[in-house]
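Below: the structure, in structure tokens.
Here, each number is a calculation from the coordinates, and none is a lab measurement. Please read these numbers as outputs of a predicted model, since none were measured by experiment. Cβ sites come from the backbone with ideal geometry, for glycine too, and all protein chains shown count toward neighbours.
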Amino acid sequence: MVSSPAMQISFKLISLILSLIISSACYSQTLQLGVSSSLRWYSLSSVAVADSNGKTSFSNINGSVDISGMNRPLWILLDRGHFQYENLETGVYAQLSDLDSLGGRVALNRYFDTKHLVAWHALEMVREKVLSTLPSLQNISWFDHQQKVDLKYSDGCNAVWDGTALSFFTGDSTCQASSLIPDLAIHEYGHALLERISRRPVADGQDYSEGFSDSLMAILGHDPLFGEGLYTQRINSHIRDLRYLVTYPDGWRGVYSGSLIFSGVVWSVFSRLEKLLGAEQAEQICLKALLLSARNLAQDARPQIVEAAKLFNRYVGSSLQEIGKGELNCIGDSELAIRNIQVATATSCAYGRLADLDHTQLTSLNALASGSYPKSIEDNKKVKIHFLITKSGKQLSKAVVHLDVEHFFPDDVVINYEYKNKTYHLYKGIEELPIPSQLEIPLEHIGPGQFSISIEDHGNSFDGQLRRAPVLDLYWH
Ligand SMILES: [Zn+2]
């Protein structure tokens with residue numbers, strides 16, 4: 001369960017506040033917390049101020065706290081019970097004596113205070129967004145337990161989740177303290193989260209785990225750059241760019257290139273949805289799909305990263321159907337399309353990066369076959385799929401049919417198509433070679449009107465399978 005903010009301040013905390021020495025500082029203006037620019041995405045919506053009577057006020061959605069009626073406000077609470085900070089110089093709270101009054105604003109000015117806020121706020125934000133996006137996760141008791149956070153683990157340029165605590169390194173001559181970089185807090189929380197929400201074990205350090213954590217960061221930050229600002233000596237201070245093209249299997253060089261195969265797909269989908277639906281809705285859809293795919297991914301599937309991307313696409317597709325925006329389809333291995341809205345090509349749909357179609361518009365995208373899949377292609381029988389093509393451009397420039405046909409003896413399979421009452425041969429299977437997932441139709445044999453594809457099994461042993469409805473892509477000028 002997620003309790004209200006007021007309940008999240010424990011009695012212990014309140015009594016601790018009361019027992020502390022009362023400061024004589026008194027601020028009667030609205031408190032605006034101006035903190036490091038590293039907090040570029042977050043409003044400080046959850047900051048609390050407590051006064052000498054134990055009264056607590058919480059900031060509003062804009063990060064403002066009205067402390068005018070308070071009796072000598074004393075403390076800003078940085079801990080609402082979800083994260084327990086270790087290794088702090090000043091304990092859990094920032095004292096008002098650490099604050100500067102700046103013409104109607106009060107800003108935290110001490111370095112360590114800023115540090116508390118960046119990591120604290122990033123962690124609170126990601127926890128809240130995860131639970132509100134997929135409320136069923138509230139049943140996992142881990143979310144109610146306080147997570148240990150060490151802000152000063154060791155010097156160096158890293159952050160780690162070790163299975164029990166989130167630890168931030170304090171930096172060195174080449175980098176800032178990692179607790180100052182929200183991306184890193186979210187990424188490490190992502191590892192902890194994945195361990196808890198996945199129904200099957202996920203090893204930290206694996207491609208999918210890294211890709212999941214980077215995706216979480218990108219979706220919540222609306223930003224494809226991971227770790228911006230960490231390195232102080234570099235021109236490009238980020239650690240990874242999710243727009244960088246890594247395809248499967250050719251581009252794989254190790255865990256972090258593997259992670260980009262997955263996070264690249266997530267970013268591609270997010271950025272397209274952001275353009276179509278706005279950032280807020282894109283965030284909701286992608287975060288939900290990310291969490292659902294993590295929860296339901298079959299970890300024994302190989303390669304996992306490919307299955308993860310497919311599952312993510314599928315969940316995004318079902319969200320789009322729910323809101324009536326069409327369907328996101330992986331077509332064959334090479335294209336991703338949001339039905340009737342937007343189309344992109346990918347070097348490999350589930351395994352690679354999407355790229356915009358170059359001045360080519362895909363205007364017809366139809367799989368008119370009805371019935372359920374997989375559909376058996378029995379010996380000496382055929383499955384026929386009909387399409388009704390309506391003209392939607394001046395001239396047809398390309399026609400591709402996308403198939404997912406499986407047969408133990410591929411040489412038994414023959415694929416034909418029919419247009420204007422004539423039948424044309426398209427493909428005959430070859431022994432031991434999979435049936436191609438895409439076949440191009442010659443332009444002289446296709447156009448407006450009825451068009452059909454037939455998949456025939458000419459053998460006497462083993463039925464074939466049509467694992468999903470063929471899709472016909474028509475490119476019009
Ligand atoms: Zn990591």
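As a footprinting exposure proxy, order VAL118, VAL316 by other Cβ within 10 Å, with the fewest listed first.
Ascending number of Cβ neighbours within 10 Å: VAL118, VAL316.
How would TRP267, TRP142 line up from fewest to most surrounding beta-carbon atoms within 10 angstrom?
TRP142, TRP267
Below 8 Å, C-alpha to C-alpha, sequence gap of six or more: please give me the relative contact order for the range 365-476 in percent.
Normalised by residue count, the contact order of the range 365-476 is 49 percent.
With a ≥ b ≥ c the root eigenvalues of the C-alpha gyration tensor of the range 365-476, is it rounded (a/c under 1.5), prolate (a/b larger than b/c) or oblate?
Since a/c reaches 1.5 and a/b is larger than b/c, the shape of the range 365-476 is classed as prolate.
Taking 22 Å as the cut-off for C-alpha to C-alpha distance, list the pairs among LYS398/LYS422; LYS382/LYS422; LYS55/LYS129 that go past it.
Result: LYS55/LYS129 exceed 22 Å.
For a quick check: sort ILE430, ILE197, ILE305 by the number of other beta carbons within 10 angstrom, fewest at the front.
So the residues, fewest neighbours to most, are ILE430, ILE197, ILE305.
Extension gain ARG243-ILE140, at 0.36 nm per residue separation less the Cα-Cα distance, in nm?
33.7 nm
Considering only LEU472, VAL383, TYR427, whose Cα is most displaced toward the positive end of the charge dipole of the range 365-476, charges sitting on Cβ of Lys, Arg (+1) and Asp, Glu (-1)?
Positive-end residue among those listed: LEU472.
Compute the convex hull volume of the Cα atoms of the range 118-325, divide it by the residue count, and report the result per residue in Å³ as a whole number.
Roughly 117 Å³ of hull volume per residue.
Extension gain ASN380-VAL255, at 0.36 nm per residue separation less the Cα-Cα distance, in nm?
Residue separation times 0.36 nm, minus the Cα-Cα distance, leaves 40.4 nm.
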